[in-house]
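Taking it in order: structure first as structure tokens, then the write-up.
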């Protein structure tokens, strides 16, 4: 296939407002036209292609077609950083055309942005293996942000044809890029940009897939800010509305939802965990140690799985769940003493020792005081007599009744 033929097909898709066909023609993964293009233009250079086609193909499609072909050649030859750079040229030129169009063109935008993001990851992998600075994903985030802005600021199209109908999918791509390069602080800016646009259609009117992804990232951001109540709500919506066939996405959501639920004493059913072996391996040791009130087992799992928990940004939540183990130890001690209304602090200290927590009397008293403050125990400490005076009504409330607190 010659570039003039590709450009002709592109023009036909534009004339017919066929965004899906346009996206296919710009996809580096469409085997039909990719094979034909490469066979016809093996070994081509930018200068050679420019001389040959500059006067035959209208701007910006001359630049787009040339960069598209060079990206295909670079991918075939495993030069992934170069492939990314060519794809970046395709997307930047495409966005200049995009700003004058209505929402018919959105399917093409999703294809070029998705492939930009994927090539950025492969480009950075190549750079990392060469011990060079990884810059592709961060650059891709900047370009995707331009696409998001172009969707958000469409003020000329009719409401039903507005590019604003692409806002949430575009912002989801941007958020994924920001999380990839650990620039989550920038996520607030794009979310705030949506919130201040008064004529934006409500989120509920967008496709369910866009809603689920957006609420998932909202949940992750709330989690990083230790706003656990909001995080649980957003992630619960995402999980309950995630398509049943999207098993990988369900696993991603549960990765963060399980520890949030764990903090309020709600554990996943064994059959649910069995569907996700990686999550079962990660969380079952903590679930079992919490149920048993076994501090030593909890600490052992925390040490063994620390690097994985840190990588997922959930280490702090699991550490907070340790308080639940301690409260279970105190409750078991209380039950052993026949549900006495007054429990000596030394009894709690001895129970902690049996569970694997060695500490002096002052440390034990401090843990009891913390459990009272956090709502795990109803009562107060009489420091002079070294007694814990428990409430007559439900001194160890169910964790679900205690609820989930922000930052606690």
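Residue count for the stretch 286-307, restricted to those that are under 14 Å from residue 258 (Cβ atoms) and within 24 Å of the chain's Cα centre (by Cα): 3.
Of the residues making up the stretch 197-210, none is buried (at least 20 other Cβ atoms within 10 Å of the Cβ) and under 30 Å from residue 105 (Cβ atoms). Among the residues of the stretch 159-177, is any assigned to a loop (DSSP other than H, G, I, E, B) and closer than 27 Å to residue 24 by Cα? Yes, the conditions are met somewhere in the stretch 159-177.
Restricting 6, 70 to residues that are in contact (Cβ under 8 Å) with a residue 40 or more places away in the chain, touching a helix residue (DSSP H, G or I) at 6+ places or on another chain (Cβ under 7 Å), surrounded by 16 or more Cβ atoms within 10 Å (Cβ to Cβ) and within 27 Å of residue 122 (Cα to Cα) narrows the list to 6. Out of 61, 110, 104, which single residue is modelled with pLDDT of 95 or more and more than 13 Å from residue 27 (Cα to Cα)? Checking each option against the conditions leaves just 104. Filtered by the rule that a residue be farther than 24 Å from residue 264 by Cβ and outside any helix (DSSP H, G or I), the stretch 354-402 gives 358, 359, 360, 381, 382, 383, 384, 385, 386, 387, 389, 392.
When each of 296, 351 is tested for being without any contact (Cβ under 8 Å) to a residue 24 or more places away in the chain and either loosely packed, with under 14 Cβ neighbours inside 10 Å or more than 30 Å from residue 184 (Cα to Cα) (or both), the lone residue that passes is 351.
Listed here are the residues, each with its yes/no results for (1) out of contact with any helix residue (DSSP H, G or I) (no Cβ under 6 Å at 6 or more places or on another chain); (2) surrounded by 18 or more Cβ atoms within 10 Å (Cβ to Cβ); (3) not in a helix (DSSP H, G or I).
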| position | (1), (2), (3) |
| --- | --- |
| 17 | no, no, yes |
| 36 | yes, no, no |
| 55 | yes, no, yes |
| 66 | no, yes, no |
| 74 | no, yes, no |
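Filtered by the rule that a residue be in contact (Cβ under 8 Å) with a residue 60 or more places away in the chain and part of a helix (DSSP H, G or I), the stretch 231-274 gives 232, 259, 260, 262.
Let's see how each residue does on (1) within 30 Å of residue 282 (Cβ to Cβ); (2) surrounded by 14 or more Cβ atoms within 10 Å (Cβ to Cβ); (3) in contact (Cβ under 8 Å) with a residue 60 or more places away in the chain:
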residue: 311; (1), (2), (3): yes, no, no
residue: 328; (1), (2), (3): yes, yes, no
residue: 331; (1), (2), (3): yes, yes, yes
residue: 339; (1), (2), (3): no, no, no
residue: 365; (1), (2), (3): no, yes, no
residue: 399; (1), (2), (3): yes, yes, yes
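Where helices (runs of 4 or more DSSP H) fall entirely within the stretch 276-335, those with at least 3 residues that are closer than 29 Å to residue 365 by Cα are at 277-292, 295-304.
Exactly one residue among 377, 326, 314, 381 is in contact with a strand residue (DSSP E or B) (Cβ under 9 Å, 6 or more places away or on another chain), within 22 Å of residue 259 (Cα to Cα) and at pLDDT 90 or above, and that residue is 377.
Within the stretch 86-96, restricting attention to residues that are surrounded by fewer than 20 Cβ atoms within 10 Å (Cβ to Cβ) and in contact with a helix residue (DSSP H, G or I) (Cβ under 8 Å, 6 or more places away or on another chain), the residue that is nearest to residue 134 (Cα to Cα) is 89. Condition first: free of Cβ contacts under 8 Å to residues at least 60 places away in the same chain and assigned to a helix (DSSP H, G or I). Can you find one or more residues in the stretch 101-113 that meet it? There is no residue in the stretch 101-113 that is free of Cβ contacts under 8 Å to residues at least 60 places away in the same chain and assigned to a helix (DSSP H, G or I).
The values are calculated or read from the model by the stated rules, or taken from the named source; none is laboratory data. Values in this document were obtained by computation on a predicted structure and should not be read as measured data. Note that we place each Cβ from the backbone using ideal geometry, even for glycine, and neighbour counts take in every protein chain shown.
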